[in-house]
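**Q** Sharing a structure below in structure tokens format, with a few things to ask.
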Amino acid sequence: MTGQETAPGPKHKRDLTRRKVVAAGAGAVVAAGVGGSFAAGAFAGEETTAAKGKTATTSGEACYKLTSETTEGPYYIDADKLRRDVTEDQEGIPLTLRLKVIDADTCKPVANAAVDIWHCNALGVYSGYEAMGSGGGGGGGGTPPSGTPTGTPTGSPTGSPPVGGGGGGHEEPTDDERYLRGTWRTDKKGEVVFRTVFPGWYQGRCVHIHTKVHVNGTWTDAGYEGGTTCHTGQLFFDEASVLATAEVAPYSTNTTTRTTLDEDTIYPGNGAEGGLLKLKYKKGAIAKGVVAALTMGIDPEATQDGTGDSVQPGASASATAS
């Protein structure tokens with residue numbers, strides 16, 4: 001997307017030379033691979049892959065294809081919590097997100113990488129930016145103005161027209177909320193699993209999840225330090241699944257006009273390579289939960305600046321946990 005993420009009101013919310021993520025409290029769960037056994041009771045109601053006797057890795061994806069780079073958007077917050085379950089108290093359809101990170105050149109798994117995810121809640125609101133309304137950027141939620149406008153605009157408009165979420169410069173957080181954000185470590189198979197809720201939508205953007213992959217850093221008791229950002233992308237959902245969620249509360253109370261996958265200005269339109277997730281859920285019963293999976297082909301030697309473009313090695317910004 002280009003321009004700033006603008007926000008709706010409900011209608012059917014860098015590279016790193018030093019990076020720390022704050023470890024979650026006693027509720028943190030030990031890491032487990034996508035294709036391996038999970039710790040017993042890792043997530044309530046989650047069937048283990050060991051019990052099913054099969055792996056959850058995606059198939060048919062060409063490992064030599066780089067997953068498309070996209071903008072990080074205005075609402076990335078470094079130093080998020082180190083955790084797999086990012087749900088907190090957010091309502092919504094349970095979503096288990098299974099990602100596998102591989103080297104697109106060698107097809108080998110990328111172990112010990114730090115994977116960030118962040119996305120809006122069921123009504124399109126981002127944590128850290130609640131004051132900006134649905135999707136951030138102002139103009140979402142609240143009571144519409146009353147009365148008759150006064151004054152007549154003069155002159156010609158300047159600058160680019162506003163467009164809905166996905167791009168634009170970074171916005172500073174307006175609050176301390178951090179729901180639906182987190183960072184976790186890939187295992188020896190390059191796999192990582194998050195527990196969250198199915199995202200909602202806001203003005204100008206289709207339903208999506210933001211993600212980053214960081215490599216060459218150090219895992220400590222305090223979190224993850226140093227390293228570089230080698231991938232910045234977005235994960236997308238097919239139209240059938242989104243339409244199904246729109247029938248389920250609280251998504252059904254979102255009155256923001258929804259942008260479809262085909263209408264979105266960020267989704268590259270190239271399927272799994274562009275971040276389109278492979279989804280699994282019971283037809284007619286999506287409210288019970290969804291499993292989403294994707295293999296991401298990355299270049300561990302690349303350095304991404306959050307705009308979708310690579311930057312020269314050694315050119316980086318620093319970030320430290322607050």
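**Q** Can you pull out the residues in region 227-267 that are open to solvent by less than 50 Å² (accessible area, probe 1.4 Å) and touching a Lys or Arg at 6+ places or on another chain (Cβ under 6 Å)?
**A** Answer for region 227-267, where residues must be open to solvent by less than 50 Å² (accessible area, probe 1.4 Å) and touching a Lys or Arg at 6+ places or on another chain (Cβ under 6 Å): T229, T232, T256, T259.
**Q** Mind counting the residues in region 284-310 that are over 19 Å from D103 (Cβ atoms), modelled with pLDDT of 95 or more and either of a type in the set (S, T, N, Q) or open to solvent by less than 40 Å² (accessible area, probe 1.4 Å) (or both)?
**A** Residues that pass the stated criteria total 5.
**Q** While we're looking at this one, here's another question. Pairs needed: first member in region 89-107, part of a loop (DSSP other than H, G, I, E, B); second member anywhere, of a type in the set (D, E, K, R); C-beta distance under 9 Å; at least 6 residues apart or different chains.
**A** Here the result reads I93/K288; A104/K65; A104/D299; D105/D299; D105/E301, each pair linking region 89-107 to a residue that is of a type in the set (D, E, K, R).
**Q** Condition test on T174, is it at pLDDT below 95, open to solvent by 80 Å² or more (accessible area, probe 1.4 Å) and not basic (K, R)?
**A** No, not satisfied.
**Q** Another one. Being within 13 Å of the chain's Cα centre (by Cα), under 16 Å from W184 (Cα atoms) and open to solvent by 10 Å² or more (accessible area, probe 1.4 Å) is the filter here, so list the residues in region 97-123 that pass it.
**A** Once the filter is applied, which keeps residues that are within 13 Å of the chain's Cα centre (by Cα), under 16 Å from W184 (Cα atoms) and open to solvent by 10 Å² or more (accessible area, probe 1.4 Å), region 97-123 yields only R98.
**Q** If I ask for residues that are among the small types (G, A, S) and open to solvent by 20 Å² or more (accessible area, probe 1.4 Å), which ones from region 201-226 would you list?
**A** Answer for region 201-226, where residues must be among the small types (G, A, S) and open to solvent by 20 Å² or more (accessible area, probe 1.4 Å): G204, G217, A222.
**Q** What pairs come up if the first residue lies in region 178-197 and is acidic (D, E), the second is assigned to a strand (DSSP E or B), and their beta carbons are under 9 Å apart, counting only those six or more places apart or on different chains?
**A** Matching pairs, first to second residue: D187/P109; E191/R98; E191/L99; E191/K100; E191/V101; E191/P109.
**Q** Let me ask something else. Which of the residues that make up region 216-250 are part of a strand (DSSP E or B) and touching a His at 6+ places or on another chain (Cβ under 9 Å)?
**A** Hits for region 216-250 are Y224, T228, T229, C230, H231, T232, G233, Q234, L235, F236.
**Q** Is it the case, given these coordinates, that V193 is open to solvent by less than 10 Å² (accessible area, probe 1.4 Å), among the aliphatic types (A, V, I, L, M), within 16 Å of the chain's Cα centre (by Cα) and closer than 18 Å to T71 by Cβ?
**A** no
**Q** Which one of these does A51 not meet: (1) more than 25 Å from T259 (Cα to Cα); (2) part of a loop (DSSP other than H, G, I, E, B); (3) at pLDDT below 90?
**A** (2)
**Q** To continue, here is another question. Within region 262-276, is even one residue closer than 22 Å to D85 by Cα and part of a strand (DSSP E or B)?
**A** yes
**Q** Also: Out of (1) open to solvent by 50 Å² or more (accessible area, probe 1.4 Å); (2) of a type outside the set (S, T, Y); (3) at pLDDT 95 or above, what's the single condition that is false for P313?
**A** (3)
The values are calculated or read from the model by the stated rules, or taken from the named source; none is laboratory data. In this text the structure is predicted, and so the values were computed from the model without any measurement. Counting neighbours? That spans all protein chains shown, and the Cβs are built from the backbone with ideal geometry, glycine included. Protein only, heavy atoms only, side chains kept; ligands, DNA and RNA dropped before computing areas. Shrake-Rupley method; radii C 1.70, N 1.55, O 1.52, S 1.80 Å.
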